[in-house]
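The values are calculated or read from the model by the stated rules, or taken from the named source; none is laboratory data. None of these values were measured; they are calculated from a predicted model. Neighbour counts are summed over all protein chains in view; Cβ atoms, including those assigned to glycine, are modelled from backbone coordinates with ideal geometry.
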Amino acid sequence: MRRDFKRSLSIAGHRTSLSLEPEFWQALQQAADRRNTSVSALVAEIDTSRGERNLSSAARVWLLAELQGLLRGR
C-alpha cells in the first residue's frame with residue numbers, strides 16, 4: 001500500500017506542507033512542466049483559488065479539472 005508523501009513548499013512568502021499520494025505529486029510536476037513553472041508556483045496559484053478546501057484537497061480537485069480539460073482538448 002502506498003503512503004501519502006508530505007512535502008514542504010514555500011508559497012506566498014511562507015512555508016507550508018502538502019500531503020499527496022505519489023501519483024498526484026507526479027501529476028502536479030507534469031502540470032507544472034506543461035506550464036513552464038515550478039511546483040511551488042503552481043501550488044501558490046491553486047492556493048489563491050481554493051476557497052474553504054484544505055490545500056491537499058484543492059490540489060487534487062485542481063488536477064482533476066486540469067485532466068478533464070486536457071481530455072476535452074482545451
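The table that follows gives values for the structure above.
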item	result
Failed item, numbered, when ALA58 is tested on (1) surrounded by 12 or more Cβ atoms within 10 Å (Cβ to Cβ); (2) small (Gly, Ala, Ser); (3) at pLDDT below 95	(3)
In the stretch 52-74, the residues that are among the polar types (S, T, N, Q) and over 13 Å from GLU21 (Cβ atoms)	ASN54, GLN68
Which numbered condition SER10 misses (of (1) outside any helix (DSSP H, G or I); (2) touching a strand residue (DSSP E or B) at 6+ places or on another chain (Cβ under 7 Å))	(2)
Subset tally (residues that are polar (S, T, N, Q) and surrounded by 15 or more Cβ atoms within 10 Å (Cβ to Cβ)) for the stretch 1-18	1
The stretch 20-56: number of residues that are of a type in the set (Ser, Thr, Tyr) and within 9 Å of the chain's Cα centre (by Cα)	2
The stretch 35-60 residues that are under 18 Å from ASP4 (Cα atoms), paired with ones that are polar (S, T, N, Q) and assigned to a helix (DSSP H, G or I) (beta carbon under 9 Å, 6 or more apart)	VAL39/GLN29
Positions within the stretch 28-40 being among the aliphatic types (A, V, I, L, M) and either farther than 13 Å from TRP62 by Cβ or in contact with an Asp or Glu (Cβ under 8 Å, 6 or more places away or on another chain) (or both), in sequence order	ALA31
Scan of the stretch 14-29 for residues that are in contact (Cβ under 8 Å) with a residue 12 or more places away in the chain, touching a helix residue (DSSP H, G or I) at 6+ places or on another chain (Cβ under 9 Å) and either assigned to a helix (DSSP H, G or I) or among the β-branched types (Val, Ile, Thr) (or both), ordered by number	THR16, PHE24, TRP25, ALA27, LEU28
Filter pass, LEU42 being over 21 Å from LEU70 (Cβ atoms), surrounded by 12 or more Cβ atoms within 10 Å (Cβ to Cβ) and of a type outside the set (Ser, Thr, Tyr)	no
